[in-house]
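Inspection log for the structure reproduced underneath, given as structure tokens.
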């Protein structure tokens, strides 16, 4: 049940992705929307999303209720996406969420 809830939450997260490319930046090649969203929120450009960076992503994506995003849900989702349990999300882990959604959307 938690996994399904997390997968459905990721659908909402990735809805932000099409507008995630940084304004004013010109690139020779365009990133896919998921990669663009990942890069936008990777504040220190280390190729990983920390729990704090992921929380900022979620805060921008989800309307705040009483000024805060529900920490338990954000942390649960982060823990599900962090496949290797290293405390950060790699681009591959972040993209895996997108792959799960493609399967769900196809059904």
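Key figures
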{"quantity": "Per-residue Cβ neighbour rank within 10 angstrom, fewest leading, 95, 72", "calculated": "72, 95"}
{"quantity": "Ranked list, fewest to most other Cβ atoms within 10 Å of each Cβ, for 85, 70", "calculated": "85, 70"}
{"quantity": "Residues 61, 51, sorted so that the one with the fewest Cβ neighbours within 10 Å comes first", "calculated": "51, 61"}
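Here, each number is a calculation from the coordinates, and none is a lab measurement. Keep in mind that what you see is a predicted model, and the values were worked out from it rather than measured. FYI the Cβ positions are ideal-geometry reconstructions off the backbone, even for glycines, and counts take in every protein chain you see.
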